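Data first, discussion second: the structure below is written as structure tokens.
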Amino acid sequence: VWMGNARGNFYSRNHTFYNPDNDKSFWRFSWHEIGYYDLPASIDFVLKKTGFDKLAYIGHSQGTTTFFVMSSMRPEYNAKVTVMSALAPVSYMKNLKAPLLPIMRNLLALSGNAITEFLPRSTLWKACFRSKITEDTCYDYLFQIMGKDQKMWNATMAPVYMAHLPSGSNLKQFKHYVQLIDSGRFCQYDYGPVENMKRYDSSQPKEYPIKNITVPVALYYASNDHLSSYKDVIRLSKELPNVVENCLYPYKKWNHMTMVWGLESRELAHKRMVEVMKKFEPEL
């Protein structure tokens, strides 16, 4: 099993020329570049190291967005993936219901055209476990973002999770997602009419050609997810040409992270995902 990291987070800040701490040029990317350049490079690296012709891919949240970018814009990579398991897939975002979104919009407005790191690693989260009050406050903040699922929340492991959250990303990545929310489209970054004409030969950013995603895709999503609306996933499922599993979990309180680290996620989610993946294992 190979586990990757997205460009710009705490574990992926190395660059041949730029220093992410003081070179703005390092941050001139969105999840589009991660999907178009980084993910294909990662797949090629893994296949070369292992000697295999194909691999199975599991993505969660932005990990699904970047895969959809890659497989739609660089369709030759469909042949290198046996099956794609999409947990809490994010493409269309018209029906997003995150309560904190208005606050985040205000932060974006204040940032202007800044190119910088967003939500970097901080020791602030350690304060969450100093008392019951601070702990409950932090949990409430997380549930506002992801959707509340107190029953499946693994409080014992929470300090471990929090030690890695947030891990940092790029402000442009977040701006790109907000553009999807506003437009209701799954499209490339909107630079404004003038720059769009230069980049896309169109005043509007081009949509990702979902019809090019021919790899078998298994969709797993929840109805209480504030960051991946089941309505948007259903829309995506109707456009993907090769959906092999379309699973809206019946557990009404499951949120954006329950299927990953929930108390019963292994039994209620992961086992079925592995069963589907095994159907596409190549014969040795």
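The values are calculated or read from the model by the stated rules, or taken from the named source; none is laboratory data. Bear in mind that the values here come from a model prediction, so they are computed numbers and not experimental data. All Cβ positions, even for glycine, are placed from backbone atoms using ideal geometry, and neighbour counts span all protein chains on display.
If residue 48 satisfies every condition in (1) modelled with pLDDT of 95 or more; (2) assigned to a helix (DSSP H, G or I); (3) more than 15 Å from residue 77 (Cα to Cα); (4) not aliphatic (A, V, I, L, M) but one, which is the exception?
(3)
Just give me the residues in segment 86-96 being over 15 Å from residue 179 (Cα atoms) and either surrounded by fewer than 16 Cβ atoms within 10 Å (Cβ to Cβ) or hydrophobic (A, V, I, L, M, F, W, C) (or both), in sequence order.
Correct list: 86, 87, 88.
Going through segment 14-32 one residue at a time, which ones are under 28 Å from residue 180 (Cα atoms) and either surrounded by 15 or more Cβ atoms within 10 Å (Cβ to Cβ) or not acidic (Asp, Glu) (or both)?
20, 24, 25, 26, 27, 28, 29, 30, 31, 32
Take segment 128-159 and flag every residue that is more than 25 Å from residue 174 (Cα to Cα), in a helix (DSSP H, G or I) and out of contact with any Asp or Glu (no Cβ under 7 Å at 6 or more places or on another chain).
132, 133, 134, 135, 136, 159
If you take the residues of segment 3-13 that are surrounded by 12 or more Cβ atoms within 10 Å (Cβ to Cβ) and of a type in the set (A, V, I, L, M, F, W, C), which of them is farthest from residue 58 (Cα to Cα)?
10
With more than 17 Å from residue 177 (Cβ to Cβ) and in contact with a Ser or Thr (Cβ under 7 Å, 6 or more places away or on another chain) as the only criterion, which of 77, 37 stands out?
The unique qualifying residue is 77.
Looking at residue 176, is it touching a Ser or Thr at 6+ places or on another chain (Cβ under 8 Å) and under 22 Å from residue 96 (Cα atoms)?
So residue 176 passes the test.
So, residue 64, is that one surrounded by fewer than 20 Cβ atoms within 10 Å (Cβ to Cβ) and either of a type in the set (Val, Ile, Thr) or at positive phi (or both) or not?
So residue 64 fails the test.
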